[in-house]
1. Provide the percentage of antiparallel DSSP beta bridges, counting only those with both residues in the chain; round to the nearest 5.
2. Which shape class applies to segment 89-149: rounded if a/c is under 1.5, otherwise prolate when a/b exceeds b/c and oblate if not, where a ≥ b ≥ c are the square roots of the Cα gyration tensor eigenvalues?
3. Taking GluC sites (Glu not before Pro) as exposed when DSSP calls them loop (any state but H, G, I, E, B) and at most 13 other Cβ atoms lie within 10 Å, what is the longest stretch of the chain free of them, the sites themselves excluded?
4. Can you tell me, using C-alpha contacts under 8 Å and at least 6 residues apart, the relative contact order of the chain as a whole percent?
5. Taking 0.36 nm per residue of sequence separation and subtracting the Cα-Cα distance, how much length would be gained by fully extending the chain between Glu237 and Cys51, in nm to one decimal?
6. Membrane-span-like helices in the chain: DSSP H runs reaching 27 Å or more (Cα, own axis), mean Kyte hydropathy at least -1.0?
7. Quick one: if the Förster radius is 35 Å, what FRET efficiency do Glu173 and Asn26 give, using the C-beta to C-beta distance and rounding to 0.05?
8. Based on the Kirkwood radius over alpha-carbon pairs, what value in µm²/s does the Stokes-Einstein equation return for the translational diffusion coefficient of segment 59-127 at 37 °C and 0.692 mPa s?
Amino acid sequence: MRKILVIGIGAGNPEHMTVQAINALNRADVLLIPTKGAEKAFLADARRDICDRFLSNDACRILDYAVPVRRADGSYEDGVHDWHHAIAAIYERTLANEVGEDQTLGLLVWGDPMLYDSTLRIVEHVRAAGRVAFEMEVIPGITSVQALCAGHGIALNRIGLPVEITTGRRLSEGWPEGARDALVMLDGVQAFRTVEDPEAEIWWGAYLGTPHEILLSGRLSEMAETIAETRRTAREEHGWIMDTYLIRRPASESEEGAA
Ligand SMILES: C[S@@+](CC[C@H](N)C(=O)[O-])C[C@H]1O[C@@H](n2cnc3c(N)ncnc32)[C@H](O)[C@@H]1O
């Protein structure tokens with residue numbers, strides 16, 4: 001039976017690779033790496049560095065593929081649907097044509113595959129098509145959320161309180177109902193500027209785990225412009241940016257007491 005190994009590679013520092021992930025990398029007969037097209041050069045380089053550093057299986061073949069470009073016309077959902085199916089077709093072709101019946105295909109996923117990543121959904125599309133039989137194994141990785149909390153030396157949650165994990169796009173439409181703490185990813189619109197709570201605090205991180213890592217924290221009302229300016233300058237300097245942040249609003253005594 002063919003196998004797909006979905007390997008979490010961490011969020012930017014090659015040393016995020018766990019022993020389990022390194023062993024999985026070396027179990028793959030073929031590694032399929034997005035290195036062209038819409039994939040940012042930095043992410044492609046990071047994956048290549050990981051292979052240079054940790055791949056000792058000389059028989060393993062590394063195959064590059066160009067990430068299809070997501071259609072911008074039509075609805076967001078249709079665009080994502082077509083995009084996922086285009087990537088599924090690449091996975092399926094690779095399995096059928098490049099991976100032997102008892103061989104393993106490795107997919108390297110940024111951070112952890114369970115967090116704002118569609119690789120597992122795309123693999124399910126390949127399975128649903130039913131043309132190539134395979135089993136799948138997932139290897140967890142260090143997420144950008146963990147890298148953010150470690151960078152600031154903070155716990156993600158307050159004692160006994162929940163945390164809403166959301167996107168910048170959603171936060172820009174309003175603070176998540178019922179939430180006190182929100183962890184925000186995929187923010188292309190600097191949605192933290194829309195939170196109007198003089199008591200709110202922010203812990204922000206960009207390029208986490210990389211040599212360019214930037215960490216800023218403090219009262220949101222005092223930090224918002226500094227973060228926006230730092231973000232703009234860093235993006236100009238590097239040509240790209242990935243950032244994540246936690247915003248905490250005061251909880252009532254009874255909420256905190258519930259802990
Ligand atoms: C498509 S999601 C992938 C998340 C990934 N699966 C994880 O486990 O962290 C991309 C978003 O993750 C966050 N992110 C990933 N790596 C990051 C890093 N090194 N520094 C800051 N944010 C990062 C950013 O919010 C970015 O927009």
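1. 40 percent
2. prolate
3. 1-100
4. Relative contact order here is 22 percent.
5. Taking 0.36 nm per residue and subtracting the Cα distance, the gain is 64.3 nm.
6. Flagged H segments are 76-98.
7. 0.20
8. 245 µm²/s
Each value in this text was obtained by applying a stated rule to the coordinates, not by laboratory testing. Note that the structure is a prediction, hence the values are computed from the model and not measured. No Cβ is skipped: glycine too gets one built from the backbone with ideal geometry, and neighbour counts run over all protein chains shown.
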